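One structure below.
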Amino acid sequence: MPSDDRIDPPNLGSERETLRGFLEYQRATLAMKCEGLTDEELRQQSMPPSTLSLLGLVRHMAEVERAWFRRAFEDNEAPMVWSDEIDFQAAYDASASTGAEAFAAWEAEVENSRRVEEEADSLDLAGYQPRWGEEVSLRMVMVHVLLEYGRHNGHADFLREGVDGTVGA
């Protein structure tokens, strides 16, 4: 089992502290699920016809972080990481990717997302989600990204078990 260095979200905290804590916990969970694996293991796909892999999930979550924090609050025209179009499915194709490449992109987007959130005066900060053509609050974005991690970390549980039998956390 990889080391579990995740910090639990606060039991008592403000709305913002709680959202931030749960989001950080989910980010750490994805990293933990990938810990100690080779590039080949990270690229190992689930059962056919699915091409889902842990590396594909990391790449996808880099896109999610970019789409919901960078594009909504900083630059509506920022390109996606692995797609010239807004194609979240492109990130799942990790066949030519490395762990170093994927984690560098993901970690850069996470750092940018943290900065956007920390610099905001309030969770009521409004951004513009170009895919929807609508304004969104920072609160909504944090909840949405948290749900994305929760869903995909469930996938990561099964993928990691398939790679080396590791289960739990």
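Below, the figures for the structure above:
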| quantity | calculated |
| --- | --- |
| Descending principal axes extents, segment 1-78, alpha-carbon based, whole Å | 42, 38, 20 |
| Surface share of carbon and sulfur [accessible, 1.4 angstrom probe, percent] for the chain | 51 percent |
| Heavy atoms of Met140: accessible area, 1.4 Å probe, square angstrom to 10 | 60 Å² |
| Solvent exposure, largest accessible area first (probe 1.4 Å, DNA, RNA and ligands not counted), of Thr29, Thr51 | Thr51, Thr29 |
| For segment 89-169: accessible area per residue (Å², 1.4 Å) | 51 Å² |
| Calculated FRET efficiency for the pair Val143/Ala100, C-beta based, R₀ 30 Å, to 0.05 | 0.45 |
| Packing-based ranking, highest mean first, of 69-77, 111-119 given that Cβ atoms within 10 Å are counted | 69-77, 111-119 |
| Alpha carbon convex hull of the chain, projected area averaged over orientations, nm² | 9.8 nm² |
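The values are calculated or read from the model by the stated rules, or taken from the named source; none is laboratory data. Please read these numbers as outputs of a predicted model, since none were measured by experiment. FYI the Cβ positions are ideal-geometry reconstructions off the backbone, even for glycines, and counts take in every protein chain you see. Surface areas here come from the heavy atoms of the whole protein model, side chains and all, with no ligands, DNA or RNA. Shrake-Rupley method; radii C 1.70, N 1.55, O 1.52, S 1.80 Å.
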